[in-house]
């Protein structure tokens, strides 16, 4: 089969000492500290064959994530910019949906022809975090498209337990407006936003005020989810005008370019305080990967007992004035992944009920195998979600 394979040079930075596990497994815990001179091309690889608990899925749609771009677009020193774990070579792509074409002998809940989406967080189910109900913190976690084979390919293998049927989306009402497989591919980024909003922020209640910094796909999903869950104010900020428009289309009550606000003599702090009647926002979502710029604004506009959810992964540090969190009894929480907690089935139900307009974030499509063009478009930062599709 054809697949888009990322290769690179194992070259730990000066001062970074890989652990014995990293050296043995060749999985860097922080890819940007180890993998250098990335090259990604379409290659011929072996056709997949399922183990008893696995299925083979023909890929029909796979979204491009900012992390994919950070894997192929190196920094000035030639290192990948992705700061998560990675093992190269690897087939890129992790936001996918398709149809089942082959079954392992032990598979009981799926059949050939079923439309499915699959989780990209490959939790083991046996370690203590998994057994405590936090599979996204699995100590043996593998990640599709980074440390396990991904979905910029004709086929992929997935364990039955990671797959979710998309039959609820195959109604005339839904299919008339959206492609079922594209909706399935959007569940992964939407799941990351869902995890942060409703699992990481267990105090989310209808009527809260939510500010989203960064209107890329995860930020756009956060906007749509917050609006669907009854937030009284959803404000979104992004320096790219095209993404500001997408945020409005996804349900933001207020969306703006912070740079243009500054040019008009307004600050983000003053705007957020005005929108909240001086009380601040109950929930801030960092989906921009620019914590050094966004977190200081969040600190100054956080309502008492509010929370900052950090979704925008980056290798940078941000300073915090911790007394703010003491006085306000406020919190900051990181959130990773989309597995467990009923996230996928909840998103499927919301999408089937047409209360979650995920398809509105798709702004560009390419046909496989033109993955390079998709990555260029996603790296341009003016797009919402770029989708690689296959007939």
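The values are calculated or read from the model by the stated rules, or taken from the named source; none is laboratory data. What you see is a predicted model; the values in this text were computed from it and never measured. Backbone-built Cβ (ideal geometry, glycine too); neighbour counts: all protein chains shown.
Odds and ends about this structure:
- Entry remark, the range 135-159: residues being within 21 Å of residue 59 (Cβ to Cβ) and touching a strand residue (DSSP E or B) at 6+ places or on another chain (Cβ under 6 Å) number 15 in total.
- On the stretch given as the range 335-374, residues that are out of contact with any helix residue (DSSP H, G or I) (no Cβ under 8 Å at 6 or more places or on another chain) and either closer than 21 Å to residue 174 by Cβ or not assigned by TED's automatic domain parsing to the domain that holds residue 162 (or both) total 4.
- Residue 350 falls short on exactly one of the conditions (1) free of Cβ contacts under 8 Å to residues at least 60 places away in the same chain; (2) surrounded by 15 or more Cβ atoms within 10 Å (Cβ to Cβ), and that condition is (1).
- All of (1) closer than 30 Å to residue 105 by Cα; (2) surrounded by fewer than 21 Cβ atoms within 10 Å (Cβ to Cβ) hold for residue 92 with one exception: (2).
- Condition check for residue 42: farther than 30 Å from residue 287 by Cα and in a strand (DSSP E or B): yes
- In the range 11-29, the condition of being at pLDDT below 95, surrounded by 18 or more Cβ atoms within 10 Å (Cβ to Cβ) and either on the phi < 0 side of the Ramachandran plot or not assigned by TED's automatic domain parsing to the domain that holds residue 149 (or both) is met by no residue.
- Test for residue 83: is it within 26 Å of residue 385 (Cα to Cα) and part of a loop (DSSP other than H, G, I, E, B): yes
- All positions within the range 319-342 that are free of Cβ contacts under 8 Å to residues at least 60 places away in the same chain and crowded, with 18+ Cβ neighbours inside 10 Å: 330, 332
- Condition met for residue 285 (touching a strand residue (DSSP E or B) at 6+ places or on another chain (Cβ under 6 Å), modelled with pLDDT of 95 or more and either in a strand (DSSP E or B) or surrounded by 18 or more Cβ atoms within 10 Å (Cβ to Cβ) (or both)): yes
- Of all residues in the range 252-269 being part of a loop (DSSP other than H, G, I, E, B) and touching a strand residue (DSSP E or B) at 6+ places or on another chain (Cβ under 6 Å), the one that is surrounded by the fewest Cβ atoms within 10 Å (Cβ to Cβ): 253
- The range 288-321, residues that are in a strand (DSSP E or B) and either within 16 Å of residue 208 (Cβ to Cβ) or modelled with pLDDT of 95 or more (or both): 302, 303, 304, 305, 306, 307, 308, 309
- Residue check, residue 278 out of contact with any helix residue (DSSP H, G or I) (no Cβ under 7 Å at 6 or more places or on another chain), assigned to a loop (DSSP other than H, G, I, E, B) and not assigned by TED's automatic domain parsing to the domain that holds residue 162: yes
- When we screen 55, 112 for residues that are closer than 24 Å to residue 184 by Cβ, assigned to a strand (DSSP E or B), modelled with pLDDT of 95 or more and more than 21 Å from the chain's Cα centre (by Cα), the only hit is 55.
- Number of the condition not met by residue 111 [criteria: (1) within 18 Å of residue 52 (Cα to Cα); (2) in contact (Cβ under 8 Å) with a residue 12 or more places away in the chain]: (2)
- Note on the range 371-390: residues that are without any contact (Cβ under 8 Å) to a residue 40 or more places away in the chain and either surrounded by 14 or more Cβ atoms within 10 Å (Cβ to Cβ) or under 23 Å from residue 2 (Cα atoms) (or both) amount to 2.
- Elements of type strands (runs of 3 or more DSSP E) contained in the range 138-243, each with 2 or more residues being more than 30 Å from residue 109 (Cβ to Cβ): 209-213, 233-237
- No other residue among 99, 9, 77, 43 is closer than 20 Å to residue 161 by Cα and either touching a residue at least 12 places away in the same chain (Cβ under 8 Å) or under 20 Å from the mean Cα position of the chain (by Cα) (or both) apart from 99.
- Residues in the range 322-355 that are part of a strand (DSSP E or B) and within 21 Å of the chain's Cα centre (by Cα) were compared, and the one that is nearest to residue 135 (Cα to Cα) is 334.
- Hits in the range 199-218 - residues which are closer than 13 Å to residue 335 by Cβ and modelled with pLDDT of 95 or more: 218
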